[in-house]
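S.K.: Submitted below is the structure of interest, expressed as structure tokens.
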Amino acid sequence: MSLKDRITEEIKTAMKSQDKVRLETLRSIKKVLLEKEVSVRPSGQTELTEAQEIEALSQIAKQRRDSIEQYTNANRSDLADKEAEELAIIETFLPAQMSDEEVESAIAEIITQVGATSAKDMGKVMGPAMQQLKGKADGKKVQAIVKAKLGG
């Protein structure tokens, strides 16, 4: 079952259970996926690949995380809580996130592969790291770990 079909089924379930936050979140996910699908049509592609779906979901999850941070800094815990609730729903459709130890291990391996030795080599590491960890780890976390490992 494709992600779009799963979300459609989840929308029906949320409607039946009258779960407004879940319904609203699922509809926003479906909207993003449909917009992304329309944007790839000119290239002859009729449906999104799994990687493109994960990329779209990761993007909206990142937006929620950023919003949570901003609302928390502005002492708006009511809005931060709502965003956190939506983020939890979005994350159920994303691949499981890697633990900090797994991310550190993967980054250490990439640093060895590319031969990075200092903070100047951060760009060399970040490209392959984000490609390998896309959807599995938050970009800010990856960047912080790379910076720490390279002494930046």
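The values are calculated or read from the model by the stated rules, or taken from the named source; none is laboratory data. Just so we're clear, the structure is a prediction, and the values are computed from it rather than from any experiment. Cβ: placed from backbone, ideal geometry, glycine included. Neighbour counts: every protein chain shown. The area values use the complete protein model at the heavy-atom level, side chains included, leaving out ligands, DNA and RNA. Shrake-Rupley method; radii C 1.70, N 1.55, O 1.52, S 1.80 Å.
S.K.: So which residues in the range 20-33 are surrounded by 14 or more Cβ atoms within 10 Å (Cβ to Cβ), closer than 14 Å to Gln63 by Cβ and of a type outside the set (S, T, N, Q)?
M.R.: Ile29, Val32
S.K.: Could I ask something else about it? Residue under question is Lys36, and the condition is that it be surrounded by 13 or more Cβ atoms within 10 Å (Cβ to Cβ), free of Cβ contacts under 8 Å to residues at least 60 places away in the same chain and not aliphatic (A, V, I, L, M); does it hold?
M.R.: Judged against the criteria, Lys36 is a match.
S.K.: Kindly check whether there is at least one residue in the range 108-119 that is at pLDDT below 85 and buried (at least 18 other Cβ atoms within 10 Å of the Cβ).
M.R.: yes
S.K.: Hey, could you check the range 2-27 for residues that are among the hydrophobic types (A, V, I, L, M, F, W, C) and within 23 Å of the chain's Cα centre (by Cα) and say which is farthest from Thr46 (Cα to Cα)?
M.R.: It comes out as Val21.
S.K.: Of these, Ala129, Ala74, Ala96, Ala56, which one is free of Cβ contacts under 8 Å to residues at least 12 places away in the same chain and either buried (at least 16 other Cβ atoms within 10 Å of the Cβ) or small (Gly, Ala, Ser) (or both)?
M.R.: Result of the check over Ala129, Ala74, Ala96, Ala56: Ala74.
S.K.: Return yes when Gln45 is in a helix (DSSP H, G or I), more than 18 Å from Gln131 (Cα to Cα) and open to solvent by 40 Å² or more (accessible area, probe 1.4 Å) and no when it is not.
M.R.: For Gln45, the condition - in a helix (DSSP H, G or I), more than 18 Å from Gln131 (Cα to Cα) and open to solvent by 40 Å² or more (accessible area, probe 1.4 Å) - is not met.
S.K.: Something else: Out of all the residues in the range 95-103, is one or more out of contact with any Asp or Glu (no Cβ under 7 Å at 6 or more places or on another chain) and under 18 Å from Leu26 (Cα atoms)?
M.R.: yes
S.K.: Shifting gears a bit: Please verify whether the range 8-21 includes one or more residues that are modelled with pLDDT under 95 and under 13 Å from Ile54 (Cα atoms).
M.R.: No, every residue in the range 8-21 fails to be modelled with pLDDT under 95 and under 13 Å from Ile54 (Cα atoms).
S.K.: Do we have Glu86 as at pLDDT 90 or above, under 30 Å from Leu23 (Cα atoms), open to solvent by 30 Å² or more (accessible area, probe 1.4 Å) and charged (D, E, K, R) here?
M.R.: Criteria not met by Glu86.
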